[in-house]
Amino acid sequence: MNNSHDPIIKTENLTKVYDTGFRGEQVSALKNLNLEVFPSEIFGYLGPNGSGKTTTIKLLLGLIFPTSGSIQIMGTTDIYSAYIKKNIGYLPEGSYYPDFLKGEEILRFYGQLYGLTGKKLHKRIDEVLELVGMKHARKRMLKGYSKGMRQRIGLAQALISDPQILILDEPTTGLDPIARKEIRDILSRLRDEGKTLLISSHELLEVEMISNRVGILYEGILRVSGTLDELLTSKDRIIEFSNAKNGVVQEIKEKGGEVVDQIKDRVYLKVKSDEELYNAIELGKSVGLQLIKITPRRETLEELFISVIDLAKKERSS
Amino acid sequence: MKSLLDTVKGPWYIAVYTWREGLRRKTLVGFLILSLLVIFGATFMTSFINQATVGDVTTDMDLKLIKDICVTTISIFGILITIFISASVVPTEIENRVIYTVLSKPVRRFQYLFGKFLGIQLIIIMNLCLMGGLFFIALYIKQQILPTLLLWSVFLTYFEFLIVSALTFAVACASSSSVLPTIAGLFIYITGSLTEYLKDVYNRSGQTGEWLDSLIGYIAYILWNVLPNLQRFSLKTQIINSQPNDPPTDVLIPQLVIYGLIYAVCGYILAYWIFRKREV
Ligand SMILES: Nc1ncnc2c1ncn2[C@@H]1O[C@H](COP(=O)(O)OP(=O)(O)OP(=O)(O)O)[C@@H](O)[C@H]1O
Ligand SMILES: [Mg+2]
């Protein structure tokens, strides 16, 4: 079937313009998106509010239709077929599920829509409830669920058919730190089992922790995409010195060193190139400091995100 | 064969779900309880009063009145429930966004709509069975004759409701709230019950030669042709005036059934055509 180097989800010049209202106003929510998600990876789909993440996801699921461009999933453009739908699990943004059903009834209903029945369905319901840690609440009505419980049941329904692809729109929004960690662990485990995950999120730290690749969307345009290693390279290094005495920081600064932190007798300098590195070591030596260690400092996803958005804003205004 | 089964399985689960969900709606349940109370009140209470005042003689007049009340109740509350549920099922699901998770499953849009439509029919049928059943029992107790005519009437009433339901459903598939389709449903029902008058209006129009007059006549003519004639489904006069176990006269039941089904299919196709490319 699919070569593992071929993208499992691929969009070509995907464009979406919403018609709003009677006056013919149009919102261009997505512009020539070329997105590629590869098998067995977690793709972090990032972007500020209103950048078009949910729009992309709804297009992938056939809830809305492209204005132009194409979508390929698992090698086919017939993304509305039962075969493709069977292989996709979807967690929508927010948690809207039939309120009057019990947790397990909801899973039964969705499972049936996937064509699961009888013992197989029953077994699968047990498995996913166990996986998302909701066994205790399976007989309770959804009406009485907390936000986190709803989100978990939502994840469970996305997983019910054991799909190859999971598309999750802000899966951890509104959850407490422990729940977040648990969900994150579940997602990583699914990836390790070979599933492909497309996750839209605002939680950069979280995305950085679990994603293999990310894409940053802004105003409907995909600004960057690539693996974290590709995107977060940086020649920055931090040099740690000890034996710092009073006034030494001032002295270093006067001599042109960039101090990023000072804790007790430790001083931390940041350098951006090899040349700066050697100079800084010399500098430290000259003011009587002792070299402890040099560590490469990777850019954080947050920094990348902010710089990408800033750049985009500047481009627009110029 | 197996694939055919698969195509109807999804809709069936959706139908059952829709039915269960429908029973949670306070308006629907309220209408149902109210109608049952009216039927119950009209039949049992009057018999109680009669016994207390006039003895056990139930006059013909009383019986006619009771039948009139009950038949009217069934059609009024029945149609209200029909319109209400047909107008709201799809818009509600779009509004509360449950539709996202359902349509993202291996369910084609025609299957989804078919399931919803089927669920609506289940509710209408259940509701007719309850109201008709209560009236049936009451009438049987009163007259000691099996009121088979009533069964025919309920049967035909269902096809009347089916028409209104399908057309309302089609409007609902284009709307994002249930207000517009409810109004449309009432309009369809009211004008559909008055098509004889529409014909009358058409026949009399054009006499003054004024353009407004002709326009009204023209509109009436179109409506008369397009709208179903719901009057044909009513056995009310016969129920009131004849014996409960008389066979239905003056109606061609198979024709009416086909008539109803044709409208239902048209309504469903229209609904699908609207919903096919709808963005949710
Ligand atoms: N149904 C709609 N009709 C009109 N405009 C819409 C519709 N849905 C989304 N939009 C617009 O499209 C743009 C992208 O919205 P989208 O929901 O995809 O953003 P998002 O990245 O998911 O944002 P968030 O992080 O807030 O969830 C926004 O400008 C939004 O106003
Ligand atoms: Mg969104």
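The values are calculated or read from the model by the stated rules, or taken from the named source; none is laboratory data. Quick caveat, the model's predicted, so the values are computed rather than measured. Note that we place each Cβ from the backbone using ideal geometry, even for glycine, and neighbour counts take in every protein chain shown. Quick note on the areas: whole protein, heavy atoms, side chains included, nothing else; ligands and nucleic acids left out. Shrake-Rupley method; radii C 1.70, N 1.55, O 1.52, S 1.80 Å.
Restricting attention to the stretch A:81-93, the residues being open to solvent by 30 Å² or more (accessible area, probe 1.4 Å) and either among the charged types (D, E, K, R) or facing chain B (nearest Cβ under 7 Å) (or both) number 3. A count restricted to the stretch A:42-68 and to residues that are more than 15 Å from ligand 1 (Cβ to nearest atom) and surrounded by fewer than 19 Cβ atoms within 10 Å (Cβ to Cβ) stands at 1.
Tallying residues that are at pLDDT below 95 and among the β-branched types (Val, Ile, Thr) within the stretch A:23-44 yields 1. The strands (runs of 3 or more DSSP E) falling completely within the stretch A:192-300 that include 3 or more residues that are farther than 24 Å from A:ASN32 by Cβ and not polar (S, T, N, Q) map to A:237-242, A:259-263, A:266-271, A:290-296.
Within the stretch A:115-152, the residues that satisfy the criterion of being of a type in the set (Ser, Thr, Tyr) and in contact with a Gly (Cβ under 9 Å, 6 or more places away or on another chain) are A:THR117, A:TYR145. For the stretch A:211-221, the candidate set comprises residues that are in contact with a helix residue (DSSP H, G or I) (Cβ under 9 Å, 6 or more places away or on another chain) and crowded, with 19+ Cβ neighbours inside 10 Å; within that set, the residue that is farthest from A:SER273 (Cα to Cα) is A:GLY220. Taken over the stretch A:30-51, the criterion of being under 19 Å from A:LEU197 (Cβ atoms) and over 13 Å from the mean Cα position of the chain (by Cα) is satisfied by A:LEU33, A:LEU35, A:GLU36, A:PHE38, A:PRO39, A:SER40.
Which one is nearest to A:GLN151 (Cα to Cα) among residues in the stretch A:95-111 that are surrounded by fewer than 19 Cβ atoms within 10 Å (Cβ to Cβ) and at the interface with another protein chain (Cβ under 7 Å from one of its Cβ atoms)? Filtering first and then ranking leaves A:TYR96. For the stretch A:1-22, the criterion of being within 13 Å of ligand 1 (Cβ to nearest atom), outside any loop (DSSP other than H, G, I, E, B) and away from chain B (no Cβ under 14 Å) is met by at least one residue. For the stretch A:192-205, filtered to residues that are away from ligand 1 (no atom under 16 Å from the Cβ) and surrounded by fewer than 19 Cβ atoms within 10 Å (Cβ to Cβ), the residue that is farthest from A:ILE160 (Cα to Cα) is A:LEU205. Suppose we keep only residues that are away from chain B (no Cβ under 14 Å) and open to solvent by 30 Å² or more (accessible area, probe 1.4 Å) within the stretch A:27-41. Which one would you say is nearest to ligand 1 (Cβ to nearest atom)? Looking at residues that are away from chain B (no Cβ under 14 Å) and open to solvent by 30 Å² or more (accessible area, probe 1.4 Å), I get A:SER28.
Of the numbered criteria (1) more than 10 Å from chain B (Cβ to nearest Cβ); (2) in contact with a Leu (Cβ under 9 Å, 6 or more places away or on another chain); (3) open to solvent by less than 20 Å² (accessible area, probe 1.4 Å), the one A:MET149 fails is (3). Out of the residues in the stretch A:134-180 meeting the condition of being of a type in the set (Val, Ile, Thr) and within 16 Å of ligand 1 (Cβ to nearest atom), tell me which one is farthest from A:GLY44 (Cα to Cα). Restricting to residues being of a type in the set (Val, Ile, Thr) and within 16 Å of ligand 1 (Cβ to nearest atom), the top hit is A:THR173.
A count restricted to the stretch A:4-46 and to residues that are in contact with a His (Cβ under 9 Å, 6 or more places away or on another chain) and more than 16 Å from ligand 2 (Cβ to nearest atom) stands at 2.
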